[in-house]
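Asks: I am attaching a structure below and will ask some questions about it afterwards.
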Amino acid sequence: MTVQYYEGVGRRKTSTARARIFSGDGTVTCNNRPGPDYFPRLGDLDLVTAPLRLAGMADKYSVSIKVEGGGVTGQTGAAQMAIARALLKLDPEIRGMLRNGGFLTRDDRMKERKKPGLKRARKGPTYTKR
(Lines give C-alpha, C1' and ligand atoms only; values in the text may rest on other atoms or scores of the structure.)
Protein backbone atom coordinates (compact mmCIF):
# COMPACT_ATOMS: atom_id res chain seq x y z
CA MET A 1 0.00 0.00 0.00
CA THR A 2 1.40 3.37 -0.98
CA VAL A 3 0.64 6.52 0.94
CA GLN A 4 -0.22 9.52 -1.23
CA TYR A 5 1.52 12.65 -0.01
CA TYR A 6 2.52 16.08 -1.28
CA GLU A 7 6.00 17.39 -0.54
CA GLY A 8 7.33 20.94 -0.28
CA VAL A 9 10.73 22.40 0.55
CA GLY A 10 11.21 25.63 2.50
CA ARG A 11 14.31 27.57 3.51
CA ARG A 12 15.08 30.44 5.87
CA LYS A 13 18.54 31.68 6.91
CA THR A 14 20.55 28.43 7.14
CA SER A 15 17.57 26.14 7.85
CA THR A 16 16.01 23.74 5.36
CA ALA A 17 12.69 21.94 5.86
CA ARG A 18 10.92 19.22 3.87
CA ALA A 19 7.22 18.88 4.63
CA ARG A 20 4.97 16.02 3.56
CA ILE A 21 1.21 16.49 3.71
CA PHE A 22 -1.07 13.44 3.70
CA SER A 23 -4.62 12.58 4.69
CA GLY A 24 -5.01 12.44 8.45
CA ASP A 25 -6.36 14.04 11.58
CA GLY A 26 -4.27 17.22 11.67
CA THR A 27 -1.28 15.97 13.65
CA VAL A 28 2.13 17.56 13.12
CA THR A 29 5.37 15.64 13.56
CA CYS A 30 8.79 17.19 13.16
CA ASN A 31 11.97 15.09 13.03
CA ASN A 32 9.96 12.11 14.35
CA ARG A 33 8.80 14.09 17.41
CA PRO A 34 5.32 15.50 18.06
CA GLY A 35 4.90 19.11 16.91
CA PRO A 36 4.37 20.61 20.40
CA ASP A 37 7.55 18.89 21.63
CA TYR A 38 9.70 20.12 18.73
CA PHE A 39 8.29 23.68 18.73
CA PRO A 40 7.80 24.39 22.47
CA ARG A 41 8.12 28.18 22.17
CA LEU A 42 4.81 29.99 22.52
CA GLY A 43 3.27 30.60 19.09
CA ASP A 44 5.86 28.71 16.99
CA LEU A 45 3.59 25.75 16.25
CA ASP A 46 0.81 28.21 15.33
CA LEU A 47 3.17 29.89 12.85
CA VAL A 48 4.15 26.55 11.32
CA THR A 49 0.53 25.44 10.83
CA ALA A 50 -0.76 28.87 9.72
CA PRO A 51 -0.86 27.96 5.98
CA LEU A 52 -3.03 24.92 6.79
CA ARG A 53 -5.45 26.99 8.86
CA LEU A 54 -5.62 29.70 6.17
CA ALA A 55 -6.53 27.08 3.55
CA GLY A 56 -9.07 25.48 5.92
CA MET A 57 -7.30 22.12 5.85
CA ALA A 58 -5.93 22.01 9.41
CA ASP A 59 -7.93 18.97 10.53
CA LYS A 60 -8.10 17.15 7.17
CA TYR A 61 -4.37 16.64 6.64
CA SER A 62 -1.46 15.55 8.81
CA VAL A 63 2.05 16.91 8.32
CA SER A 64 5.45 15.29 8.66
CA ILE A 65 8.41 17.68 8.63
CA LYS A 66 12.16 17.08 8.44
CA VAL A 67 14.14 20.16 9.48
CA GLU A 68 17.90 20.67 9.66
CA GLY A 69 20.29 23.53 10.20
CA GLY A 70 19.88 26.96 11.72
CA GLY A 71 18.14 27.95 14.91
CA VAL A 72 14.63 27.93 16.30
CA THR A 73 13.27 30.92 14.35
CA GLY A 74 14.86 29.85 11.06
CA GLN A 75 13.49 26.32 11.40
CA THR A 76 10.02 27.66 12.16
CA GLY A 77 10.04 29.87 9.05
CA ALA A 78 11.43 27.08 6.87
CA ALA A 79 8.77 24.63 8.06
CA GLN A 80 6.02 27.19 7.41
CA MET A 81 7.18 27.74 3.83
CA ALA A 82 7.57 24.00 3.22
CA ILE A 83 3.97 23.38 4.30
CA ALA A 84 2.74 26.24 2.10
CA ARG A 85 4.57 24.86 -0.95
CA ALA A 86 3.23 21.36 -0.31
CA LEU A 87 -0.31 22.78 -0.08
CA LEU A 88 0.25 24.49 -3.42
CA LYS A 89 0.97 21.10 -5.03
CA LEU A 90 -2.15 19.69 -3.37
CA ASP A 91 -4.42 22.51 -4.59
CA PRO A 92 -3.02 25.12 -7.05
CA GLU A 93 -6.22 27.20 -6.64
CA ILE A 94 -5.10 28.53 -3.23
CA ARG A 95 -1.98 30.26 -4.59
CA GLY A 96 -3.49 33.74 -4.24
CA MET A 97 -4.60 33.07 -0.68
CA LEU A 98 -1.14 31.80 0.35
CA ARG A 99 0.57 34.66 -1.52
CA ASN A 100 -1.56 37.27 0.29
CA GLY A 101 -0.76 35.58 3.59
CA GLY A 102 2.97 35.96 2.80
CA PHE A 103 3.69 32.24 2.99
CA LEU A 104 5.22 31.81 -0.47
CA THR A 105 7.77 34.64 -0.32
CA ARG A 106 11.30 33.52 0.55
CA ASP A 107 12.87 35.65 3.29
CA ASP A 108 16.37 36.11 1.83
CA ARG A 109 17.94 37.85 4.85
CA MET A 110 21.14 36.07 5.85
CA LYS A 111 23.84 36.72 8.41
CA GLU A 112 26.41 39.13 6.98
CA ARG A 113 29.94 37.78 6.81
CA LYS A 114 32.85 39.14 8.85
CA LYS A 115 35.20 41.37 6.87
CA PRO A 116 39.00 41.44 7.23
CA GLY A 117 40.30 44.22 9.48
CA LEU A 118 36.99 44.46 11.34
CA LYS A 119 35.91 42.81 14.57
CA ARG A 120 32.53 41.71 13.22
CA ALA A 121 30.62 42.28 9.97
CA ARG A 122 30.60 46.08 10.39
CA LYS A 123 32.18 46.91 13.75
CA GLY A 124 35.64 48.32 13.30
CA PRO A 125 38.47 48.62 15.79
CA THR A 126 38.29 51.47 18.27
CA TYR A 127 39.72 54.71 16.85
CA THR A 128 42.35 56.46 18.99
CA LYS A 129 43.72 59.80 17.95
CA ARG A 130 46.94 59.55 19.98
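Asks: Taking the options ASP108, ASP59, ASP91, name whichever one is of a type in the set (Asp, Glu), under 16 Å from THR14 (Cα atoms) and either surrounded by fewer than 17 Cβ atoms within 10 Å (Cβ to Cβ) or free of Cβ contacts under 8 Å to residues at least 12 places away in the same chain (or both).
Replies: ASP108
Asks: Assuming ASP44 fulfils every condition listed in (1) free of Cβ contacts under 8 Å to residues at least 40 places away in the same chain; (2) surrounded by fewer than 18 Cβ atoms within 10 Å (Cβ to Cβ); (3) among the acidic types (Asp, Glu) apart from one, which condition is it?
Replies: (2)
Asks: Moving to a separate point now. Is at least one residue of region 21-43 modelled with pLDDT under 95, of a type in the set (S, T, N, Q) and part of a strand (DSSP E or B)?
Replies: Yes, there is a match, as at least one residue in region 21-43 is modelled with pLDDT under 95, of a type in the set (S, T, N, Q) and part of a strand (DSSP E or B).
Asks: Quick one: which of PRO51, PRO36 is on the phi < 0 side of the Ramachandran plot and surrounded by fewer than 18 Cβ atoms within 10 Å (Cβ to Cβ)? Break it down stepwise before answering.
Replies: On the way: PRO51 fails: surrounded by fewer than 18 Cβ atoms within 10 Å (Cβ to Cβ).
Unique residue meeting the criteria: PRO36.
Asks: Criterion first (in contact with a Ser or Thr (Cβ under 8 Å, 6 or more places away or on another chain) and within 22 Å of SER15 (Cα to Cα)) does GLY102 satisfy it?
Replies: Answer is no for this residue.
Asks: Does region 65-123 hold any residues that are of a type outside the set (A, V, I, L, M, F, W, C), in contact with a helix residue (DSSP H, G or I) (Cβ under 7 Å, 6 or more places away or on another chain) and not in a loop (DSSP other than H, G, I, E, B), and which are they?
Replies: Within region 65-123, THR76, GLN80, ARG95, GLY101 qualify.
The values are calculated or read from the model by the stated rules, or taken from the named source; none is laboratory data. Owing to the predicted nature of the structure, the values given are computational and were not obtained by experimental measurement. Every residue, glycine as well, gets a Cβ built from its backbone with ideal geometry; the counts of neighbours run over all protein chains shown.
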